[in-house]
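Right, one structure below, let's go through it.
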Amino acid sequence: MQRRELLKGLAVVLGGVVSQSCSKAVEVPLAQRIAVPGVLSEEQRAVAHRCADLIIPATDTPSALQAGVGEFLDYVISVWYRADEREVFFAGLNEMLMDSQSTYGGDFLSLPESSQISMLKASEGRESGNDPFAFGDSEGGYFNKIKELTVTGYYTSEVGATIERKYVPMPGSYDGDYKFSEVGRLWAS
Amino acid sequence: MGKLETTQQVDAIVVGSGITGGWAAKELSEKGLKVLMLERGKPLEHGSGYVGEHEPPWERNNKGMRPRELYAEQYNIQSTSYAFDETTRHFWNNDLENPYDFKEEDPFHWLRADVVGGRSLMWARQSYRWSDLDFEANKKEGIGIDWPIRYKDLAPWYSYVEKFIGVSGQAMGLDQLPDGEFQKPMDMNVVERHVAAAITGKFPDRVMTIGRTATLTEPLPGRAACHYCGPCHRGCSTGSYFSSLSSTLPAARATGNFELRANALVESLEYDPDTKRVSAVRVIDTVTGEATRYSAKLIFLCASTVGSTQILLNSTQADSDISFANESGALGRYMMDHTYRAGARGIIPGFEEYYPYGNRPNGIYIPRFRNVNGDDGLGFTRGYGYQGSAGRLSWDTMSKVTPGFGADFKEGLRKPGPWYMSLGGFGEILPYAHNSMALHKSKKDRFGIPQVTFHFEFGENEKRHREDVVKQAVAMLEAAGATRIDPFNTEMVGGAAIHEMGTARMGHDPKQAVLNAHNQAHAASNLFVTDGAAMASSSCVNPSLTYMALTARAVDYAVTQLQAGAI
Ligand SMILES: Cc1cc2nc3c(=O)[nH]c(=O)nc-3n(C[C@H](O)[C@H](O)[C@H](O)COP(=O)(O)OP(=O)(O)OC[C@H]3O[C@@H](n4cnc5c(N)ncnc54)[C@H](O)[C@@H]3O)c2cc1C
Ligand code: SF4
């Protein structure tokens, strides 16, 4: 999905150059796209939510969960994801939970924040880095998925658009030489 | 709306309410004719119909995620467009409800609207004139048939149309891309100006200019100048870009001579071989299924290239399965589009203090520079132009290249990423007889109308010019100092550029062409086809401005002929 956003960003307003792989998602057979509800256990849900706040914590602006990313995660994971995507997500999530027991001898959620961060870092380390400048498809495992979802959920939330970014729905003009220093953050509109 | 089954009440019928239908209705009604417009799509009101306009990202359906199952089942073709999403879906055709015969091994993407206003709602508004380089090419090269008109025939009509729709752009004095009646141009941003200078510095015969777009930089009656909210394809309630709903339909309504019937699908035309006229238009109400017949002195088919030709192909005479309009055998053939999805993009280092303000609904244009002064000897004929833009990468991309997570990660994403520049070519496709649409022998739609089936392939000329499109895009980006240049040349699919045209071409000879020099059917004096079906070649520029000019010109001719008693 992020790839779609990426391509949208790169696509000229005129529709000049959207790559065809945008339409890939719709070519997947229906059977693989049917959602299996109720697959997210309370623990898995809580861990995913916790990870979202480790990825985007509260700073001078609210955190992911404060911005409503929790609901976004629940929706995407249990409704929107295809079975194959969900499988990858849970495999990585469960691996992290097991590591938490074997390495720290406790539940992920009960660990101190520093240990949770180490666990998430380890999860990141298990996934090969991806290079969006290569403009290729990069699917990723649990870490890439939770990071992608958190970031997308956050930046498209009201908090992410109006507090973290600057939301100007009716700019009124175009200035191609505008200075970044005058806004100091990303545009959202 | 009352039933209008008699000839007396209507002088002219216009089929389709999109870009060309709107123009036909405006012109006919302003000339005093009583006009009935028939549109298969659902009713849609200017303003209130644009439910996705200015919708904040956090209020979107499905938490902003594309409902993939729904799209795959019901919008498998339409959802391939960049302009299709939950903010615009209500404008588009439902492919499950209104299918055509789609073959995986011979794909054609028929992208179409299903509302009043047609694709004038979602179009990207790029508006360029053709030149004699285009109109003379078929004759010079012996490809297809000669155009029965030249630039001078259309030039006054281009001006007429541009003044009404409002086209902003920069005059350049180029023969291959004639200037128009421009409102003040939009600005190129700092990086686009850098790239433009670098391109002309390295390649003196190439220029990069701001796109010419039917988007207002100065107000027109009833329409405000653009407020740079973008994206426009969700609709624009200030009428700042040209659409039928914002512009031509209100003008037609203002005459008191105009009536619109939505949900009115034209099935076929009835033909009287004795008078050589269309005697009636057969219509099916898409809600009730009820059938009606209308007749009128003039019939304008403006149902889009495929829509109009489908109607003509389905208009067979008694005891025959051949359309009355197909004496030439050209009906449904010589279909064209543009090549698309080839080019390159790259990162432009520097300029980091700049971050453009506002969503400019327009990009840049590099006019054709190949084979402009004779054959350049590159192994292909005709040419291509580029569209593109420069901008800064944002959180969506930067979050992927920024490793890690946490407070620093969050802080890092607050700054925009580097500048990118993208260049995508639109190239001319030659008119080949085998590129065609026909009516399927057995498959019918829910109203019993034969489904359209397509055959579309790309020739050597298209493949060769696309290689050059990619090569030159890379060379120009290199000249501009770009790094991480990424050439792209994705698989071509007919129709994907949404510039489908041809299939009822204009030409002097009734044995070769369906329409004459005034878009009038050779077979029926009261029938005019003024959408993309009329095209005898495709140029490489976006076509809709030319369709509009042809439409206004055809109406002028038709009404003159009608008044002179010649129709
Ligand atoms: C996303 C997008 C971007 C585009 N960008 C550009 C651009 O930048 N520049 C450019 O020049 N062009 C562009 N185009 C193409 C442009 O939209 C078309 O060329 C233009 O709309 C054609 O006008 P038309 O009147 O022939 O057809 P349309 O605007 O498609 O209107 C045809 C109407 O006829 C109706 N109809 C069809 N069949 C029947 C029937 N049997 N009975 C009754 N009604 C019928 C349809 O429902 C429709 O409303 C773009 C198109 C899209 C979708
Ligand atoms: S960017 Fe301009 S033309 Fe487009 S929707 Fe906004 S105001 Fe209208």
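Do you know which of the residues in the stretch B:355-379 that are among the aromatic types (Phe, Trp, Tyr) and surrounded by fewer than 24 Cβ atoms within 10 Å (Cβ to Cβ) is nearest to the chain's Cα centre (by Cα)? Spell out the reasoning first.
Keep residues of the stretch B:355-379 that are among the aromatic types (Phe, Trp, Tyr), which gives B:355, B:357, B:365, B:369.
Then keep just the ones that are surrounded by fewer than 24 Cβ atoms within 10 Å (Cβ to Cβ); that gives B:357, B:369.
On the way: B:Tyr357: 29, B:Phe369: 23 Å.
It comes out as B:Phe369.
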If B:Arg193 satisfies all but one of (1) more than 14 Å from chain A (Cβ to nearest Cβ); (2) of a type outside the set (A, V, I, L, M); (3) more than 16 Å from ligand 2 (Cβ to nearest atom); (4) on the phi < 0 side of the Ramachandran plot, what's the number of the condition it fails? (1)
Given the criteria more than 16 Å from ligand 2 (Cβ to nearest atom), of a type outside the set (A, V, I, L, M) and in contact with a strand residue (DSSP E or B) (Cβ under 7 Å, 6 or more places away or on another chain), does B:Glu259 qualify? yes
With B:Glu59, B:Glu86, B:Glu105 as the choices, which residue is within 12 Å of another protein chain (Cβ to nearest Cβ) and either more than 16 Å from ligand 2 (Cβ to nearest atom) or surrounded by fewer than 16 Cβ atoms within 10 Å (Cβ to Cβ) (or both)? B:Glu59
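Specify which of the listed residues (B:Val555, B:Val514, B:Val541) is of a type in the set (Val, Ile, Thr) and outside the structural domain of B:Lys31 (by TED's automatic domain parsing). If you could, list the steps in order and put the result at the bottom.
Details: B:Val514 fails: outside the structural domain of B:Lys31 (by TED's automatic domain parsing); B:Val541 fails: outside the structural domain of B:Lys31 (by TED's automatic domain parsing).
Going through B:Val555, B:Val514, B:Val541 in turn, just one is of a type in the set (Val, Ile, Thr) and outside the structural domain of B:Lys31 (by TED's automatic domain parsing): B:Val555.
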Is it the case, given these coordinates, that B:Asn519 is touching a strand residue (DSSP E or B) at 6+ places or on another chain (Cβ under 8 Å), away from ligand 2 (no atom under 16 Å from the Cβ) and free of Cβ contacts under 8 Å to residues at least 40 places away in the same chain? yes
Output yes when any residue across the stretch B:35-56 is among the aromatic types (Phe, Trp, Tyr) and away from ligand 1 (no atom under 16 Å from the Cβ), and no when none is. no
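Does B:Ser120 meet the test of being farther than 27 Å from B:Pro178 by Cβ, within 13 Å of ligand 1 (Cβ to nearest atom), in contact (Cβ under 8 Å) with a residue 60 or more places away in the chain and hydroxyl-bearing (Ser, Thr, Tyr)?
Numbers: farther than 27 Å from B:Pro178 by Cβ: no; within 13 Å of ligand 1 (Cβ to nearest atom): yes; in contact (Cβ under 8 Å) with a residue 60 or more places away in the chain: yes; hydroxyl-bearing (Ser, Thr, Tyr): yes.
Against the criterion (farther than 27 Å from B:Pro178 by Cβ, within 13 Å of ligand 1 (Cβ to nearest atom), in contact (Cβ under 8 Å) with a residue 60 or more places away in the chain and hydroxyl-bearing (Ser, Thr, Tyr)), B:Ser120 does not qualify.
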Only one of (1) out of contact with any strand residue (DSSP E or B) (no Cβ under 6 Å at 6 or more places or on another chain); (2) within 16 Å of ligand 2 (Cβ to nearest atom); (3) over 29 Å from B:Ser544 (Cβ atoms) fails for B:Tyr357. Which number is that? (1)
(1) in a helix (DSSP H, G or I); (2) closer than 27 Å to B:Gly47 by Cα; (3) in the same structural domain as B:Tyr355 (by TED's automatic domain parsing) all hold for B:Ala196 apart from (2)
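Condition test on B:Gln520, is it under 30 Å from B:Tyr340 (Cα atoms) and surrounded by fewer than 24 Cβ atoms within 10 Å (Cβ to Cβ)? Talk me through it step by step, then tell me what you get.
Numbers: under 30 Å from B:Tyr340 (Cα atoms): no; surrounded by fewer than 24 Cβ atoms within 10 Å (Cβ to Cβ): yes.
For B:Gln520, the condition - under 30 Å from B:Tyr340 (Cα atoms) and surrounded by fewer than 24 Cβ atoms within 10 Å (Cβ to Cβ) - is not met.
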Which residue, of B:Ala536, B:Ala552, is in contact with a helix residue (DSSP H, G or I) (Cβ under 7 Å, 6 or more places away or on another chain), among the aliphatic types (A, V, I, L, M) and not in a helix (DSSP H, G or I)? B:Ala536
Please go through the stretch B:196-226 and pick out each residue that is within 16 Å of B:Thr238 (Cβ to Cβ) and more than 16 Å from ligand 2 (Cβ to nearest atom). B:Pro221
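Would you call B:Ser394 of a type in the set (Gly, Ala, Ser) and surrounded by 24 or more Cβ atoms within 10 Å (Cβ to Cβ)? Can you show your working first?
Values: of a type in the set (Gly, Ala, Ser): yes; surrounded by 24 or more Cβ atoms within 10 Å (Cβ to Cβ): no.
For B:Ser394, the condition - of a type in the set (Gly, Ala, Ser) and surrounded by 24 or more Cβ atoms within 10 Å (Cβ to Cβ) - is not met.
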Which listed residue is farther than 30 Å from A:Phe180 by Cα, touching a helix residue (DSSP H, G or I) at 6+ places or on another chain (Cβ under 7 Å) and either of a type in the set (D, E, K, R) or within 16 Å of ligand 2 (Cβ to nearest atom) (or both), from B:Arg345, B:Arg368, B:Arg382, B:Arg333: B:Arg382
Just checking, which of B:Ser246, B:Ser237 is part of a loop (DSSP other than H, G, I, E, B), touching a Gly at 6+ places or on another chain (Cβ under 6 Å), among the hydroxyl-bearing types (Ser, Thr, Tyr) and under 26 Å from B:Phe182 (Cα atoms)? B:Ser237
B:Gly230 passes all but one of (1) small (Gly, Ala, Ser); (2) buried (at least 22 other Cβ atoms within 10 Å of the Cβ); (3) under 21 Å from the mean Cα position of the chain (by Cα); which number fails? (2)
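Quickly run through the stretch B:289-306 and pick out the residues that are of a type outside the set (Ser, Thr, Tyr), touching a strand residue (DSSP E or B) at 6+ places or on another chain (Cβ under 8 Å) and either in contact (Cβ under 8 Å) with a residue 60 or more places away in the chain or not assigned by TED's automatic domain parsing to the domain that holds B:Val15 (or both).
The answer is B:Arg293, B:Ala296, B:Lys297, B:Leu298, B:Ile299, B:Phe300, B:Leu301, B:Cys302, B:Ala303, B:Val306.
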Strands (runs of 3 or more DSSP E) wholly inside the stretch B:395-492 containing at least 2 residues that are within 14 Å of chain A (Cβ to nearest Cβ): B:419-428, B:483-489
I'd like the full set of residues that are assigned to a loop (DSSP other than H, G, I, E, B) and either within 16 Å of ligand 1 (Cβ to nearest atom) or in contact (Cβ under 8 Å) with a residue 60 or more places away in the chain (or both), limited to the stretch B:257-286. B:Asn257, B:Ala262, B:Asn263, B:Lys276, B:Thr286
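The values are calculated or read from the model by the stated rules, or taken from the named source; none is laboratory data. These numbers come from a predicted model, not from an experiment. Cβ atoms come from the backbone with ideal geometry, glycine included; neighbour counts cover every protein chain shown.
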